[in-house]
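The values are calculated or read from the model by the stated rules, or taken from the named source; none is laboratory data. Every value quoted in this text rests on a predicted model; they were computed, and no experiment measured them. All Cβ positions, even for glycine, are placed from backbone atoms using ideal geometry, and neighbour counts span all protein chains on display. We work out accessible area using only protein heavy atoms, side chains counted, and drop any ligands, DNA or RNA first. Shrake-Rupley method; radii C 1.70, N 1.55, O 1.52, S 1.80 Å.
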Amino acid sequence: MSELLITGGRPLEGEVPIQGAKNSVLPILAATLLARGQVVLEGCPRLRDVDASIAILRYLGCIARWEGDSLVVDTASMDGCAISEELMRRMRSSAIFLGAVLGRWGRAELSYPGGCELGPRPIDLHLQGLRQLGAAIREEGGFLHCRAPRLRGSEIVLGLPSVGATENLMLAGCAAEGTTVISNAAREPEIEDLQNFLNACGARVRGAGSSTVRVEGGAPMHGCTYRCMPDRIVAATYLCAAGAAGGEVYLRRAREDHLATLTDLLRQAGCTVTADGGGIACRCRGRLGGVGPVRTAPYPGFPTDAQAVLMAALLRCRGVSVFEERIFESRYRHVDEMARMGARIRVSGPTAVVFGTPVLHGASVRSTDLRGGAALCVAALGAEGVTRVGALHHIDRGYEDIARDLRALGADVIRQATDEN
Ligand code: UD1
């Protein structure tokens, strides 16, 4: 095991390129099952969740190998449609493989991905939509037995704009006969990225980014070379790092059009944020002002994945900042860890109120989940003295090398091995 040693209290100065987006690459890796031929994913981020997807692809008989920073996938040799429970549990977003396996094989056998650190993670909308496309799905003892010798396009109205359900149905729709229309679809940029990938493979998908996605199914799909979008949540993390520590950072490849709700709030709090064609610059001086209420919502609303890192930036705000988490039930687990650093936060149901405190101090803390862990690193940059951040396996799910990136931004961060099991 390892931990991060972060010595905070000094302003940042530097620039870093933003890695490819985890939430694009995961559905794209599932989508490779639909393409006959080799897929080359350039600049694919090396993450624990990507490793988990590779393990699933290999378990299904596919070939996946790294060539430099490209991940090369060939699914021609796929020889199974069952995914082990161990692999399904390793990554909570493994449900995304359901639509692709079913589309490719006409059958899928897998276990429920289960709940996660953020609370229950139902997939009822995924299953309901797949049933509408003609799949027979039997749920038994935590396992899903799915049959769909022929998927047929249909009009599906999602009860809420679920990212995963939209993606799953896009994949199944590509393999279905006829047209699939997904209404009340999620509008996240990663869905547009998935559409671009599918179309680069020969599929006919349009409308992603709006609430209606239309898939003309049955088009033969081939391999392609693709580079996914920059990770907007990693970019959000480093913008918030500048907010917490002060200083000036430049994030290459980061796209402000993906981050408008966050950059607006950082500006309100007193930071200067500017975008040129190549990235985003953020300059912050002194304590930030309080903001809020920050309400998490489906895109284009404020992303739930950026709630913890923005909170970390605002722990030393002048006045009060209010958060309202409306997507996941248990998304304030980082709060108790932040309190160890001297943060003053009161949580009541979905609301968290941050009472800004002038000084935070280093402490020994543990990541509670992926973004909560990153938020502890952000908070540590604004704290006096040394913070030790443990349970890094959470952070490694989504950040290629957070220590490397923060060092490039001028922070004092060391990753070291511990004896802890
Ligand atoms: C994706 C992201 C995750 C992000 C989340 C919300 C990936 C790999 N993960 O997760 O980082 O935090 O979007 O932006 O892209 N729901 C149901 N039934 C369903 C599906 C979802 O009730 O069948 C609920 C969920 O419990 C949650 C809400 O819908 O409250 C949003 O979930 P969803 O958009 O599906 O998130 P994920 O795709 O799991």
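Descriptive notes on the structure:
- Only residues that are more than 24 Å from the chain's Cα centre (by Cα), of a type in the set (S, T, N, Q) and either away from the ligand (no atom under 16 Å from the Cβ) or crowded, with 21+ Cβ neighbours inside 10 Å (or both) were counted in region 127-163, giving 1.
- Gly20 meets all of the listed conditions (1) surrounded by fewer than 21 Cβ atoms within 10 Å (Cβ to Cβ); (2) touching a residue at least 60 places away in the same chain (Cβ under 8 Å); (3) under 30 Å from Cys377 (Cβ atoms) but one, namely (1).
- Residue check, Ala176 among the small types (Gly, Ala, Ser), buried (at least 21 other Cβ atoms within 10 Å of the Cβ) and touching a helix residue (DSSP H, G or I) at 6+ places or on another chain (Cβ under 7 Å): no
- Arg295 within 14 Å of the ligand (Cβ to nearest atom) and part of a strand (DSSP E or B): yes
- The residues in region 304-315 that are part of a loop (DSSP other than H, G, I, E, B) and surrounded by fewer than 24 Cβ atoms within 10 Å (Cβ to Cβ) can be counted, and the count is 0.
- Strands (runs of 3 or more DSSP E) wholly inside region 189-291 containing at least 3 residues that are over 23 Å from Asn23 (Cα atoms): 247-252, 272-276, 279-284
- Just one residue in the set Arg187, Arg214 is touching a residue at least 12 places away in the same chain (Cβ under 8 Å), open to solvent by 10 Å² or more (accessible area, probe 1.4 Å) and more than 16 Å from the ligand (Cβ to nearest atom); that residue is Arg214.
- Cβ-Cβ under 8 Å pairs, at least 6 apart or on other chains, region 350-377 side closer than 21 Å to Asp405 by Cα and open to solvent by less than 10 Å² (accessible area, probe 1.4 Å), far side modelled with pLDDT under 95 and part of a strand (DSSP E or B): Asp369/Cys116
- Restricting region 234-261 to residues that are within 16 Å of the ligand (Cβ to nearest atom) and farther than 17 Å from Leu381 by Cβ leaves a set whose member that is surrounded by the fewest Cβ atoms within 10 Å (Cβ to Cβ) is Ala260.
- Among the helices (runs of 4 or more DSSP H) confined to region 40-149, the ones with at least 3 residues that are modelled with pLDDT of 95 or more and farther than 19 Å from Leu171 by Cα are located at 48-59.
- The single condition among (1) at pLDDT below 95; (2) part of a loop (DSSP other than H, G, I, E, B); (3) farther than 30 Å from Gly279 by Cβ; (4) open to solvent by 10 Å² or more (accessible area, probe 1.4 Å) that Arg10 does not satisfy is (3).
- Qualifying residues in region 44-59 (those that are free of Cβ contacts under 8 Å to residues at least 40 places away in the same chain and of a type outside the set (Gly, Ala, Ser)) - the one surrounded by the most Cβ atoms within 10 Å (Cβ to Cβ): Val50
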